[in-house]
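S.K.: Handing you a structure now.
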Amino acid sequence: MGSESNIKLLDENGMRLDGRTPEQLRPIKIETNLLERADGSAYIEWGGNKIMVAVYGPREAYPKHTQDIEKAVVKARYNMAAFSVDERKRPGPDRRSVEISKVISEALSSAIMVEQFPRAQIDVFIEVMQADAGTRIAGLTAASVAVASAGIPMRDMVVGCTAGKVEGKVVLDLSKEEDNFGQADLPIAVLSKSKKVVLIQMDGDLSMEEFEQASEMILKATDNIAEIQRNALTSRYSVENIGDGE
Amino acid sequence: MPRDALGVLSEIKRSFITKQLKEGKRGDGRGLQDFREATITTNYVPRAAGSAMVKLGRTRVLAGVKIESGEPFPDTPNSGVLTTNVELLPMAFPTFEAGPPNETSIEIARVVDRGIRESKMIDTQKLVIEPGKKVWIVFVDINIMDFDGNLIDACTLAAVSALRSAFIPASREGGKDMPLPVDQIPISVTMVKIGDDLVCDPDLEEEQLGSARITVTTTEDGHIRAMQKGDTGSFTFDEIKKAIKISSDTGATLRKKYFS
Amino acid sequence: MAEIKQIVMPGDLISEELGKPRNGVYKNSDGRYCSSYFGIIQKNDQGVDIVPFSGKYIPRRGDKVIGKVLEVGPSMWPVDINSTYNTLLHMNDTPWRTTSGDIKRFLGVGDYVYAKIMTLNEIKESWITLKDVGLRKLEGGHITSIPAPKVPRIIGKGGSMVNMIKDATNTRIVVGQNGLIWIDGTPEDVIEAIAAISIVEQEAHTVGLTDRMEKYLKERSVK
């Protein structure tokens, strides 16, 4: 966050490097059930992000000492492929992946009706095949779709977006350059209908007004993204996809 | 689709598959030497130097190539480096666990690597930037995302496709980006022995039923570049020779179908 | 073109005019009824259910299920019934004369059984039994599976759908409430039956499926 650079992230008209306006989202596409073995799965493209999410469960928690006698434990595992970033990343979890896995698990636990599954665990595997800033939010947004497609009961869907500050201006959905060279990074995820916050992190420098501006932008964006989640789930059951019994 | 959670093949499935094989048939209508339909999508990860997503039946693997400059190995100062790694992602099967590579993923990686290396698909002599000091290191990372048998062939197809479409980022070293120079294309063909039959491109249930497994990798000239026997059963020498012939023939068919 | 029933997602509001809320419906913090699942709204005389498109089997006492033996213990077998939780079969709940430590010869790892859920407690531990009419170790045939929520559709009203498939493909079919299905017949007929079941599974959420399946099966049997 906030490395030294000579890159101009905003031009004279306030346009961003990739041509977006401050409140514009990058293109998002979500597909479900591409994987055969998993109980539920979703694939998301968000800007240059390409992320596959697989859900297994609920199944009996293993090892036994991780069981919670009253509810299911949600275990998300965020992992980046070696070829997902500019410089090849050594396979395996690093400290950043462990932290991201934790906050994603906690966010999903707010939405999933875990009380219905004592002694169980729900595994959510988030594989980043190509990274382009905002991977944890994209992964979590797709994970919610994957959990729903697995037939696991939830109170609400989880949907998120990032915002940040670039050359003093608050912008929505940070790009890679804006994340690397900007002044603040704020990922937020909410329960879709109630808008209750289930994930919020921040690093950088934001005034109270800037924070309010950023969170307003994010909340507005979540309505659009929630529609994309809905279409991803329902499209395979649309009338056009049903044949004449063949 | 049936979910045998712990991967144990039931007596019911065992006899169903065996009964069909007696008539030369397999569950999905394939002949004993037929491969499942493969879909290969190159440049799946545009940010990587090369990449390919391969779907072989229900098995799905993603190979990504990263090419970076680095020091050569001390004993080969005038050669670039090729290194292959395979990850069995926990998403691919209910009992796969996250963790460092186990013997299965290591074996797959080494067999795939051997096929590519010994066929001289990549001439590492052409990957030198500064002799003795700086060379190109070609990282091939293959992630298994969905498991329904025959990972070795799916991974070979993915690695070969990714390498074939890869670019060396030579502009980082003051040169011009250029395609990774590739030569002969290795094709691996894996078979399992079920009773007295050799069954190509086994799906998971056929692998579970098989007593022994053999992989033969060949190049266009029909030469054998790599072989690997797996599993605890055994083959007669005649069976091995038969496997080599099948691999060469089937390999040629696959090469024509996917790499012409 | 098939008409589809109404699809909802978790958190979607369910109108109270539809009826008494039952399975898959919960009350949110505002006191409104919402869907817990991604599934379809099913209305009947008892009220309104949300039937998810997929999901594991939720055990109920009395259900007849098909399970796969996972292990052989000294006196009981843990069995996988496509549920979040494995179930247990005790040697005393089988029709066989068994002695402790010697049960492997009756049922081994990977064998399938057609059993009944006998007991179930609050933390979802359950026990099955083979002591009832029709329950047994399954031999021969083939096993396929569908998501448990779609079982009612495969069975149909009074068994109409599954019987239609049995007759048209000349097979014996046993449908477990947990989604596992056992089919017996010649390999060709078994494959036909699996294909028919697959269509019902994919179109379970549509209207007029029974008629379409009747037509499909008639056309196949002429060949």
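S.K.: Using only Cα atoms and rounding to the nearest 10 degrees, what angle (0 to 90) does helix A:135-149 make with the longest principal axis of chain A?
M.R.: That helix lies at roughly 30 degrees to the long axis.
S.K.: Along the Cα→Cβ direction, 7 angstrom out, place labels at A:ASN224 and B:LYS133. What is the inter-label distance in nm?
M.R.: Label at A:ASN224, label at B:LYS133, 5.0 nm between them.
S.K.: At 7 Å along the Cα-to-beta-carbon direction for both B:GLN184 and A:LYS102, put a label point, then send me their distance in nm to one decimal.
M.R.: Result: 5.3 nm between the two label points.
S.K.: Let me ask another. Could you tell me which of A:ILE225, A:VAL74, A:ALA184 has its Cα farthest along the dipole of region A:28-241 towards the positive end, charges placed at Cβ (Lys, Arg +1; Asp, Glu -1), taken about the Cα centre?
M.R.: Farthest towards the positive pole: A:VAL74.
S.K.: Could you check how many percent of all C-alpha pairs in the protein assembly as shown are farther apart than 35 Å? Write down the numbers at each step before the final one.
M.R.: Working: 135493 of 265356 pairs.
The proportion of pairs with Cα distances above 35 Å equals 51 percent.
S.K.: How far is helix A:208-234 tilted off the main Cα axis of chain A, in degrees rounded to 10, range 0 to 90?
M.R.: Compared with the principal axis, the helix lies near 40 degrees.
S.K.: Given H placed on each backbone N at 1.01 Å, which residues far from A:ARG26 in sequence or on other chains put an amide H within less than 5 Å of it?
M.R.: Correct list: empty.
S.K.: Which one, B:ILE12, B:ALA52, B:SER119, is farthest towards the positive end of the dipole of region B:1-135 when Lys and Arg carry +1 and Asp and Glu -1 on their Cβ?
M.R.: Checked the options; the winner is B:ILE12.
S.K.: Could you state the principal axis extents of the C-alpha atoms in region A:28-241, from the largest down, to the nearest angstrom?
M.R.: Result for region A:28-241: principal-axis Cα extents of 49, 43, 32 Å.
S.K.: Report the extension gain between B:SER171 and B:ASP34 in nm, rounded to one decimal, defined as 0.36 nm multiplied by the number of residues separating them, less their alpha carbon distance. Please report the intermediate quantities before stating the final value.
M.R.: On the way: separation 137, 0.36 × 137 = 49.32 nm, distance 4.34 nm.
Additional length available on full extension: 45.0 nm.
S.K.: Find the centroid of the Cα atoms in region B:74-96 and in region B:24-72, then give the distance between the two in whole Å.
M.R.: Measuring centre to centre over Cα atoms gives 15 Å.
S.K.: Rounded to the nearest 500, what is chain C's calculated 222 nm mean residue ellipticity when only DSSP H runs of at least 4 contribute -39500 (n - 2.57) each, over all residues? Kindly include the intermediate steps, with their values, before the conclusion.
M.R.: Values: 4 runs with 45 residues, N = 223.
Value at 222 nm, helices only, nearest 500: -6000 deg cm²/dmol.
S.K.: Can you work out the Karplus-derived ³J(HN,Hα) for every residue in region C:204-221? Use 6.51 cos²θ - 1.76 cosθ + 1.60 with θ = phi - 60°, whole Hz, and x for glycine or proline.
M.R.: Per-residue couplings from phi come out as 4, 8, 9, 9, x, 5, 4, 5, 5, 5, 4, 4, 4, 5, 4, 5, 5, 6 Hz.
S.K.: Only Lys, Arg, Asp and Glu count, each charged at its Cβ (+1, +1, -1, -1), so figure out the dipole size of region B:138-241 about its Cα centre, rounded to 20 debye.
M.R.: Working: 8 positive and 19 negative charges, 120 e Å.
About 580 debye.
S.K.: Another question about this same structure. Give the long-range amide H neighbours of C:GLY24: residues separated by 5 or more places, or on another chain, with amide H under 5 Å away, using H modelled in the peptide plane at 1.01 Å from N.
M.R.: Residues meeting the amide H criterion: C:ILE50.
S.K.: So what are the ³J(HN,Hα) numbers for region A:20-30, from phi and the Karplus equation (6.51, -1.76, 1.60; θ = phi - 60°), rounded to whole Hz, Gly and Pro as x?
M.R.: 7, 7, x, 9, 8, 7, 6, x, 10, 9, 10
S.K.: Could you run the Karplus curve 6.51 cos²θ - 1.76 cosθ + 1.60 with θ = phi - 60° over region C:181-191 and give me ³J(HN,Hα) per residue in whole Hz, x for Gly and Pro?
M.R.: Each residue's phi maps through the Karplus curve to give 10, 9, 10, 10, x, 5, x, 5, 5, 4, 5 Hz.
S.K.: Modelled label-to-label distance, C:GLN46 and A:GLU209, 7 Å Cα→beta-carbon offset: nm?
M.R.: If labels sit at C:GLN46 and A:GLU209, their model points lie 6.0 nm apart.
S.K.: Using only alpha carbon pairs under 8 Å that are at least six residues apart, calculate the relative contact order of region A:28-241 and give it in whole percent. Mind showing how you got there, number by number?
M.R.: On the way: 479 pairs, mean separation 46.5, N = 214.
Relative CO of region A:28-241 lands at 22 percent.
S.K.: Inside 10 Å of the C-beta atoms of C:51-57, what's the mean count of C-beta atoms belonging to other chains?
M.R.: Values: counts 1, 6, 9, 8, 8, 9, 0.
Average neighbour count from other chains, rounded to a whole number: 6.
S.K.: Less than 14 Å Cβ to Cβ from B:PRO179, Lys/Arg counted +1 and Asp/Glu -1: what total charge do the surrounding residues give?
M.R.: Details: positive: B:LYS126, B:ARG164, B:LYS176; negative: B:ASP123, B:ASP177, B:ASP183.
Value of the local net charge: 0.
S.K.: Please list B:199-210, B:147-158 highest first by mean number of surrounding beta-carbon atoms within 10 Å per residue. Spell out each step's value before the answer.
M.R.: Numbers: B:199-210: 22.2, B:147-158: 27.5.
The peptides rank, most packed first, as B:147-158, B:199-210.
S.K.: Within region B:214-250, list the residues whose amide N lies under 18 Å from a label point set 7 Å along Cα→Cβ of B:LYS256.
M.R.: Flagged as within label range: B:218-223, B:245-250.
S.K.: At a 1.4 Å probe radius, which order do C:HIS205, B:HIS223, A:HIS65, C:HIS142 fall into by accessible area, largest first?
M.R.: A:HIS65, B:HIS223, C:HIS142, C:HIS205
S.K.: Continuing with this model, one more query. Determine the calculated [θ] at 222 nm for chain A from helices alone, applying -39500 (n - 2.57) to every DSSP H run no shorter than 4 residues and normalising by the residue count; nearest 500 deg cm²/dmol. Before the final figure, lay out each step's value.
M.R.: Values: 4 runs with 65 residues, N = 246.
Value at 222 nm, helices only, nearest 500: -9000 deg cm²/dmol.
S.K.: What share of all Cα pairs of chain B, in percent, falls into each consecutive 5 Å distance bin?
M.R.: Percent of Cα pairs in each bin: 1, 6, 13, 17, 18, 16, 12, 8, 4, 3, 2, 1, 0.
S.K.: If a paramagnetic tag sat 7 Å from the Cα of B:ASP221 along the Cα-Cβ line, which residues of region B:143-182 would have the backbone N under 17 Å from that point?
M.R.: Counting backbone N atoms under 17 Å from the label point, the list is B:182.
S.K.: Using a 1.4 angstrom probe and counting only protein chains, how large is the accessible area of B:ARG47 in Å², to 10?
M.R.: 70 Å²
S.K.: Let me ask something else about it. Report, to the nearest 10°, how far helix A:95-111 tilts away from the longest principal axis of the Cα atoms in chain A, using its own Cα long axis and a range of 0 to 90°.
M.R.: Result, in degrees: 60.
The values are calculated or read from the model by the stated rules, or taken from the named source; none is laboratory data. Source: prediction; values computed, not measured. Virtual Cβ from ideal backbone geometry, glycine too; neighbours counted across all protein chains shown. We work out accessible area using only protein heavy atoms, side chains counted, and drop any ligands, DNA or RNA first. Shrake-Rupley method; radii C 1.70, N 1.55, O 1.52, S 1.80 Å.
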